[in-house]
Amino acid sequence: MEDSRPSQPVFALIAAVAGVAVLTAFAAWSPPSFRKLALFSIAYGLCVGGIVVWAAKEFGLARVLAIILSVGLTTTGLGLIAVRGHQQFQAEQMAVTKADPEQAMARNIIEAAAAQDPELAATLAAERRDNEPSFANYLALRVKPLGEWQQPWPVVFWGVEVLLATVCGAFLVSRQLRSPTVVTEEQT
């Protein structure tokens, strides 16, 4: 039996983006221990795929567009989750640095001297940039349970996680939205 609902791809897009935004916000603000390596990304990709399948069926989105939407939303969502994880990592590093009274006193003395010396101020600013926790450092911290990995391997691992998640989500969408099989006379 054919679906009589009209195709409304704009509503499918809005519904999928809204659903994935809620999922991404939940995942991004969850504790880092919740975001386990690989398993979290795969589950996220499958959830995005499920949301896209629902939106595509509900509003009549074409299969190819649904697959593309799933890939785009999964990649974007995992990127936003990683950015939020990096921000949490930076905040933790800054809190540890500020909690040390000896470092705080030394930092205050150096900052007071830098206010009078432009050359020292420039050196201090360059040192802050160099010591700020980078995204690559955050990714290395994520894979630390698997051992000490040198760069670029933590970045490659994260890239593989994102790729695997997008493939899983796209596969789910593809399988769920495939056209119904034709019933032959032999099967009846």
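Given the criterion open to solvent by 60 Å² or more (accessible area, probe 1.4 Å), acidic (Asp, Glu) and at pLDDT 85 or above, identify the matching residue among Glu119, Glu58, Glu111, Glu102.
Glu58
In region 19-40, which residue that is among the polar types (S, T, N, Q) and open to solvent by less than 30 Å² (accessible area, probe 1.4 Å) is farthest from Leu73 (Cα to Cα)?
For region 19-40, the residue satisfying everything is Ser30.
Taking Ile68 and the conditions (1) open to solvent by 40 Å² or more (accessible area, probe 1.4 Å); (2) touching a residue at least 40 places away in the same chain (Cβ under 8 Å), which numbered condition does it fall short on, given that it satisfies the others?
(2)
Given the conditions (1) small (Gly, Ala, Ser); (2) surrounded by 13 or more Cβ atoms within 10 Å (Cβ to Cβ); (3) at pLDDT 80 or above, and given that Gly159 satisfies all but one, which numbered condition is not satisfied?
(2)
Report whether or not Pro133 is modelled with pLDDT under 90 and open to solvent by 100 Å² or more (accessible area, probe 1.4 Å).
no
Of these, Ile14, Ile81, Ile51, which one is in a helix (DSSP H, G or I) and more than 18 Å from Val173 (Cα to Cα)?
Ile81
Taking the conditions exactly as written (open to solvent by less than 80 Å² (accessible area, probe 1.4 Å) and not β-branched (Val, Ile, Thr)), does Leu46 satisfy them or not?
Judged against the criteria, Leu46 is a match.
The values are calculated or read from the model by the stated rules, or taken from the named source; none is laboratory data. Bear in mind that the values here come from a model prediction, so they are computed numbers and not experimental data. Virtual Cβ from ideal backbone geometry, glycine too; neighbours counted across all protein chains shown. Side chains are part of the model used for accessible areas, which takes the heavy atoms of the whole protein and leaves out ligands, DNA and RNA. Shrake-Rupley method; radii C 1.70, N 1.55, O 1.52, S 1.80 Å.
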